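The values are calculated or read from the model by the stated rules, or taken from the named source; none is laboratory data. Quick caveat: nothing in here was measured; it's all calculated off a predicted structure. Backbone-built Cβ (ideal geometry, glycine too); neighbour counts: all protein chains shown. Surface areas here come from the heavy atoms of the whole protein model, side chains and all, with no ligands, DNA or RNA. Shrake-Rupley method; radii C 1.70, N 1.55, O 1.52, S 1.80 Å.
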Amino acid sequence: MEPEFNFFQQWYPLSPVEDLVLEQPTSVTLLGLRLVIWKPKSSQTFRVFLDQCPHRFAPLSEGRIDDKTGNLMCSYHGWQFEQQGLCTHIPQAENPELVSKNKENLCAVALPVRQEQDLLWVWANAKSSEQAANTPLPLSPQIDATIGFVWSSYVRDLEYDWQTLVENVADPSHVPFAHHGVQGDRSKARPIPIKIVQSTPNLIEAATVGSFETTITFEPPCRLEYAIKFGNSEKQVGLVTYCIPVSPGKSRIVAQFPRNFAKTLHRLRPRWWDHISERNQVIDGDMVLLQQQEYFLQQTQSTPSWKTSYRLPTSADRLVIEYRNWFDKYCQGQLPWNQVGISVPEIRNLNNNR
Ligand code: FES
Ligand SMILES: [Fe+2]
């Protein structure tokens, strides 16, 4: 039976635009598909192609942006492609008509892209561009300067699976312990009761009950967002994460950190300082826990293993349970690696992940 949820008919942010390289193509992997990001000289926006030259499959990410044409040149035999992927030049062509008459047959595969909210978005299927055009991006309502928010962005590749990443971000109660001293304080940890406000195939919304009014939204497959209000004030801080499936045992987090106060501090504090003093430390704080957790969970014999293996007696784990149930129900507890020709051993070797 086919899973109900289609991971390929979705928008994913690949990176903050400010972190992309203008001068040369870059490779990136999404759902096991190797892609190339590049910016044509004539275009305002970046493009994303399958990282495979149609000639003889050399990776286009090893190519270059041609100085004269501004197009993407394959490094193997010099074929060139414009922003839609059409072939514009074959140095070996005996006559120019060979290219002009066949350019659609000789093209690189271009995926639908958008640039919004400072991020580069890609639709993970080149064949359904019409559906892409009709599907809204999973944007955050907090990334909006017109209602007084400022934000910074972040991206990092992670050595654990998308499943583990979503489970971790859906779990606020680990923060004072796994991120003690960076975010939170273990001596101040207390119960975090969570209630599920709504749960549909396309959206799970949860709220924590306590002094801070917090809503947590999971819009599958990638947007997992916190909005935290402080008492009766208008002050609000957010954590917007996009959890990107890369390949078995690897994921990428694209995050944005909005708030509607302390805006001068936001202007003064350099982004790199934010990254080294806090963001990277948060990610490093639970990396070793998550990698080992993932390995142990794979070793359990039952299916779905989390349900019988985990012990989840408190409502702090309520959203983890809701997300895992969603994943079992609509995705049969699996990412679609088989659709991109990747077979996953039942237990991945932990050492290979390191
Ligand atoms: S493989 Fe790209 S030009 Fe030959
Ligand atoms: Fe964490």
In this structure, among K229/K250; K195/K229; K68/K127; K229/K263, pairs with alpha-carbon gaps over 21 Å are K229/K250; K68/K127
I want to check the label-to-label distance for E97 and D19. Put each point 7 Å from Cα in the C-beta direction and report it in nm to one decimal.
5.0
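Give, rounded to the nearest 20 debye, the magnitude of the charge dipole that the chain has about its Cα centre when Lys and Arg contribute +1 at Cβ and Asp and Glu contribute -1 at Cβ.
For this selection, approximately 540 debye.
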Residue of A227, A132, A262 that the Gaussian network model of the chain assigns the largest fluctuation, springs spanning Cα pairs under 10 Å:
A262
Run the simple label-point estimate for L137 and F177 please: 7 Å along Cα→C-beta, distance reported in nm.
3.7
What FRET efficiency do you get for M287 and R56 if R0 is 45 Å and r is their Cβ-Cβ distance, rounded to the nearest 0.05?
0.70
Amide hydrogen neighbours beyond the local backbone of V197, cut-off 5 Å, H modeled:
E205, A206, A207
Once normalised by the length of the chain, the mean sequence separation of its alpha carbon contacts under 8 Å that are 6 or more apart gives a contact order in percent of 17
Expected output is a single nm value to one decimal: the length gained when fully extending between E116 and F8, i.e. 0.36 nm times separation in residues minus the C-alpha distance. What is it?
36.9 nm
For the stretch 219-237 and the stretch 85-162, what is the centre-to-centre distance using only Cα atoms, to the nearest Å?
28
For the stretch 225-334, run through the trypsin sites (Lys or Arg not before Pro) and keep only the ones in DSSP coil with at most 11 other Cβ atoms within 10 Å of their Cβ.
R311
Measuring from a point 7 Å past the Cα of R269 along Cα-to-C-beta, which residues in the stretch 168-204 have an amide N at less than 12 Å?
183
Counting only protein heavy atoms with a 1.4 Å probe and every protein chain in place, the carbon and sulfur fraction of the accessible surface of the stretch 3-76 in whole percent equals 45
Can you pull out the cysteines in the chain that have no other Cys Cβ under 4.7 Å?
C87, C107, C222, C243, C331
Out of the stretch 193-278, which GluC sites (Glu not before Pro) are coil in DSSP terms and have no more than 14 other C-beta atoms within 10 Å?
E234
Among the aspartates and glutamates, which have Cα under 20 Å from the Cα of K235 when same-chain residues fewer than 8 positions away are ignored?
D144, E213, E225
Please say if the chain is rounded, prolate or oblate, where rounded means a/c under 1.5 for a ≥ b ≥ c the square roots of the C-alpha gyration tensor eigenvalues, and otherwise the choice is prolate for a/b larger than b/c and oblate otherwise?
prolate
